């Protein structure tokens, strides 16, 4: 059985090389809307998506993320858009809720021909005073946990095909 959704799921790969041009507002809004339709525990929608496209804030997040790794590299791979996914720290299912948002964002991006990649270390970034100051600067009050960064842009190269699935991936009992 095949359909467009299943084919997108099977063909989506993480993109780690981006063209410098920014994605369109139409593409961005479509990806964001898909993120807002992610399942959440009890329908509480505990997640929040912050759109970062300005160079200064992208550079700040890149620096903060690299510092968590203890490296001086670009963990955002030069992506022109960073979507920071946060979740209410007091929500019992904050991490699963935010993770489903990340999945929807990446699948929506793939369906539009955009590259995306989940970049970790948001939790550590937003536990710092600098991270908390960014949240205040963005007008985000309360306690939030960083779930991940969904980087977006136009791929600079074709992605590698998926590796074969391991034979014992599924266990039927």
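Values quoted throughout were computed directly from the atomic coordinates according to the rules given, and no laboratory measurement underlies them. In this text, all values refer to a predicted model and were calculated from it rather than measured experimentally. When we count neighbours, we look across all protein chains shown, and the Cβ atoms used for this are built from the backbone with ideal geometry, even at glycine.
Some points to look at:
- Qualifying positions in segment 24-45 - under 13 Å from residue 153 (Cα atoms) and touching a residue at least 12 places away in the same chain (Cβ under 8 Å): 27, 28, 31
- For segment 11-48, a residue qualifies if it is more than 22 Å from residue 97 (Cα to Cα) and over 14 Å from the mean Cα position of the chain (by Cα), and the qualifying residues are 11, 17, 18, 19, 20, 21, 22, 23, 24, 25, 26, 27.
- Any hit, segment 155-173, residues being buried (at least 19 other Cβ atoms within 10 Å of the Cβ) and not in a strand (DSSP E or B): no
- Subset of segment 1-44 that is out of contact with any strand residue (DSSP E or B) (no Cβ under 9 Å at 6 or more places or on another chain) and not in a helix (DSSP H, G or I) - its residue that is surrounded by the fewest Cβ atoms within 10 Å (Cβ to Cβ): 1
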